[in-house]
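What follows is one structure encoded as C-alpha cells, with my remarks underneath.
The values are calculated or read from the model by the stated rules, or taken from the named source; none is laboratory data. Just so it is clear, the structure is predicted and the values come from calculations on it, not from any experiment. Quick reminder, even Gly has a Cβ in these numbers, built from the backbone with ideal geometry, and neighbours come from all protein chains shown. With ligands, DNA and RNA removed, areas are computed over all heavy atoms of the protein, side chains included. Shrake-Rupley method; radii C 1.70, N 1.55, O 1.52, S 1.80 Å.
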Amino acid sequence: MSKQPKRTMQIGFSQRIQLDWLERTARLFLEGATGKEIEDGLQDYLKDKISKGGTAKRGNREKAISILLKTWVTVPKALESFRNDGMLIFMRTGVDAHLPIHWGMSMAVYPFFSAVARTVGRLLKLQGTATASQVQKRIREQLGERETVARAARRILSCFRDWGVLEETEKKGVYKAATQKDLNDRGTNAWLAESALIASDARALPINLFREMPEVFPFCFDQISLKDLEKSKRLHVYRHGLNEDMVTLNDEYFQG
C-alpha cells in the first residue's frame, strides 16, 4: 500500500468548536461573503460565547475563528476543489445531514483532528470504550510529551461529545460511541470516503476498507459506489489483482 507525502502534524485544531459555529461559517461562505465579512460576522456571533481569553496575543475567540475560517473559507489550495464539492452536498442536504460534511472538512484540513478520531475509533473497536487518558497517551506517543498536545486532544474529545458522536459512561472520562449516523446519500458517502483517504497515510486504499476506517467511526456507510467515487476528478479507481478495487488520489491533488 503506497504512502502519500506526509503533511506536517501540527495541532491547529486546538479549541472546543461547536457544530453551529461551523454551520454558520459554511453558510456565510455559501452566501458569497468575503473572508473579512465572514471573520467580522463570526466575531459578532461568538462575542457572547467565547471570551477573548487573557492577555495572550491570540485569545480563545481569535483561535476559534481561525479554525472555523481554515476549515471552510481559507482552506489549503489543494483542498479547494474538495471543499467546493462538499459545499454542493451542503447546499442540497438539510442541516441534519451536515455533520459528516463538517467532519470530513475537519479531517481533511487538520491531520491532528483525524489522528484523534482515528485513535478514538480504534479504541472503540478494540474495547468498546475510549478513555480520555488512553487517547491522550496515544496522541502524545505520536507528537511528543507536550501539555499542548494533551490539552488539544481533550478539547477535540469534548467536540466529539458536543457533536453527539461520543457519550460519557457512568465513569467520568470514559466514553462510548453514540448510535452511528446512517449515511444514505451516495454523494456524501463518496465524499467522506475521499476525506478519509486525504487524512490517511496511505495514497491508495481498497474500497472495501473505507467503511472500516476508524476515523469515520460515527457513521454507518451504505455500499460505496465505484461510479460515485469515479465522479471525483481528484480520485482514480482501478482494479488490483483479480478482484480488489482500489482508489487513489490523483497526482493533481499533490500538485495543488
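So which lysines can Lys49 reach, going by Cα to Cα under 17 Å and dropping same-chain residues fewer than 8 places off?
Excluding near neighbours in sequence, the set is Lys63.
Return the FRET efficiency for the residue pair Lys47, Arg140: r is the Cβ-Cβ distance, R0 is 35 Å, and the value is rounded to the nearest 0.05. Don't jump to the answer; show the numbers that get you there.
Working: r = 34 Å, r/R0 = 0.97.
The value I calculate is 0.55.
Answer with one residue from Met91, Ala108, Thr131: the one whose Cα lies farthest towards the positive end of the charge dipole of the chain, charges on Cβ with Lys, Arg +1 and Asp, Glu -1.
Among Met91, Ala108, Thr131, the one farthest towards the positive end of the dipole of the chain is Thr131.
Would you mind telling me the share, in percent, of accessible area of the chain contributed by carbon and sulfur at probe 1.4 angstrom?
Heavy-atom surface of the chain belonging to carbon and sulfur, 1.4 Å probe: 48 percent.
Which whole-Hz ³J(HN,Hα) couplings does region 109-115 yield from phi under the Karplus relation 6.51 cos²θ - 1.76 cosθ + 1.60, θ = phi - 60°, glycine and proline marked x?
Those phi angles translate into 7, 10, x, 5, 4, 5, 5 Hz.
Which residue, Gln180, Leu30, Ile65, has the largest displacement toward the positive end of the dipole of the chain when charges sit on each Cβ (Lys, Arg +1; Asp, Glu -1)?
The one lying farthest along the dipole's positive direction is Ile65.
Return the distance in nm (one decimal) between the two label points of a simple spin-label model at Thr169 and Asp96, each offset 7 Å from Cα along Cα→Cβ.
Placing both labels 7 Å along Cα→Cβ, they lie 3.0 nm apart.
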